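The values are calculated or read from the model by the stated rules, or taken from the named source; none is laboratory data. Being a predicted model, the structure only gives us computed values, none of them experimental. Here the Cβ positions follow ideal geometry from the backbone for every residue, glycine too, while neighbour counts run over all protein chains shown. Remember, those area values only see protein heavy atoms, side chains included, never the ligands or the DNA or RNA. Shrake-Rupley method; radii C 1.70, N 1.55, O 1.52, S 1.80 Å.
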Amino acid sequence: MSTTEQQPARRSSRLIDPGTPPTRFARGWHCLGMADTFRDGAPHTVEAFGTKLVVWADTQDRLQVIDGYCRHLGGDLGQGSIKGDEVACPFHDWRWGGDGRCKEIPYAKRVPLRAQTRTWHAMERNHQLFVWHDPELNPPIAEQMVPEIPELDDGSWSAMTWEVIDIPGSNCREIIDNIVDMAHFFYIHGGFPTYFRNVFEGHVAAQYMNSRSRPDMTRSASPAEESLLTSEAAYYGPSYMINPLTTSYHGLDIEVILVNCHYPVTPTDFRLQFGLMVKKIEGLDDATSQDVAEKFTKMFAEGFLQDVWIWRNKTPIQNPLLCEEDGPVYQLRRWYEQFYVDVADITPEMTARFEYEVDTSYSRANWEAEVADNLARRAAAQEPAGSG
């Protein structure tokens, strides 16, 4: 056998365990989008949790959510119409109310007693529509209510923007792992973390990070051109993150509140949604402040697409090989597991307070050298021929 031929794996080789997708979807509140997008007088199909839901606004402007398939002969209610307070099936015009009961069958003398479908606990919060998903079909857990964002209505912030990106071929956990992944901010997003800390407790997983921009990835290498970022991000439950952050640039502090959320479509596909609002800067009118928010949204969208490119090309891995600076990946996954087991099976280890701060000193020293080397090569490439 030549030395170029592939050798069989040795016993000491570490093999990847890709695992299998979960057989259930996470328990908790899931955001389906901005609430007013469902108030156009039409039913809306939402593909989530391995099925279809239908969302519509009744005559009192309340949003209703029930299973999206008619229990008569399986018609897609999202392809139907709104008649009064009910959603009417396009197949035979069976009309379903928000309480899950069939209210009328125009061609029938009576409605069957068992004409009832599944309803979903729904709520509006932060101008968004949420549904509660629980494989055990239990009601929402009061202690896991999504926090309010009071800045939405105090008049000193821009309106919330909103973007949607579908992520095929990946389980939701791929985005959750980012909570502890300090190093990917440098390699994927062009950031330079200088402080990184995680705290998990109960149903909340938080990330605290300070970073600055990489001068080798900006047009100017001047330290005066660097932007600084202070970020405090927390997942409240399995899928909804609120992330207040401040960007400092040329002595100007720009305060941002980012909402980052997702819901599963199938075990191997999910829908990522995000939006942000920017605190109005003194001297700027509302239109200009909204323009700033749109620019920040575009910037974050580019960052999410960088993650998407990774997710689409990587393999799931249950047994990641880690170094000290990778952070508490296994502890985070243990925290996340609480949303995939029955409530009776949640262990104290899943919800107990856990804190971990990454020592960034070694990483920073090597990154500084890498940035300096990149800047030197860039300067050399820009130097006129024959100079010096």
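Numbers at a glance
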| quantity | calculated |
| --- | --- |
| Complete set of residues in the range 29-48 that are open to solvent by less than 40 Å² (accessible area, probe 1.4 Å), small (Gly, Ala, Ser) and more than 17 Å from residue 163 (Cβ to Cβ) | 42, 48 |
| Any strands (runs of 3 or more DSSP E) falling wholly within the range 233-333 and containing at least 1 residues that are among the polar types (S, T, N, Q) and within 28 Å of residue 362 (Cα to Cα) | 240-249 |
| Residue match in the range 142-160 (condition: open to solvent by less than 40 Å² (accessible area, probe 1.4 Å) and touching a Leu at 6+ places or on another chain (Cβ under 9 Å)) | yes |
| Tabulated pairs, the range 314-339, first in contact (Cβ under 8 Å) with a residue 12 or more places away in the chain and surrounded by 12 or more Cβ atoms within 10 Å (Cβ to Cβ), second of a type in the set (Ser, Thr, Tyr) and outside any loop (DSSP other than H, G, I, E, B), C-beta under 8 angstrom, 6+ apart or interchain | 325/362; 325/363; 327/356; 328/356; 331/356; 335/351; 338/351 |
| Matching entry among 344, 380, 376 (being open to solvent by 60 Å² or more (accessible area, probe 1.4 Å), over 30 Å from the mean Cα position of the chain (by Cα) and of a type in the set (A, V, I, L, M)) | 380 |
| Pairs with Cβ under 8 Å, 6+ apart, first in the range 109-129 and on the phi > 0 side of the Ramachandran plot, second open to solvent by 40 Å² or more (accessible area, probe 1.4 Å) and part of a loop (DSSP other than H, G, I, E, B) | 126/148 |
| Those residues of the range 85-110 which are in a loop (DSSP other than H, G, I, E, B), within 33 Å of the chain's Cα centre (by Cα) and surrounded by 15 or more Cβ atoms within 10 Å (Cβ to Cβ), in sequence order | 85, 89, 97, 98, 100 |
| Residues satisfying the stated conditions in the range 49-84, i.e. more than 28 Å from the chain's Cα centre (by Cα), open to solvent by less than 40 Å² (accessible area, probe 1.4 Å) and charged (D, E, K, R) | 58 |
| When residues of the range 222-233 are limited to those that are open to solvent by 10 Å² or more (accessible area, probe 1.4 Å) and of a type outside the set (D, E, K, R), the one modelled with the highest pLDDT | 230 |
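A quick yes/no check of all residues on (1) small (Gly, Ala, Ser); (2) assigned to a loop (DSSP other than H, G, I, E, B); (3) surrounded by 15 or more Cβ atoms within 10 Å (Cβ to Cβ):
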{"residue": "164", "(1), (2), (3)": "no, no, no"}
{"residue": "175", "(1), (2), (3)": "no, no, yes"}
{"residue": "178", "(1), (2), (3)": "no, no, yes"}
{"residue": "181", "(1), (2), (3)": "no, yes, yes"}
{"residue": "186", "(1), (2), (3)": "no, no, yes"}
{"residue": "196", "(1), (2), (3)": "no, no, yes"}
{"residue": "207", "(1), (2), (3)": "no, no, yes"}
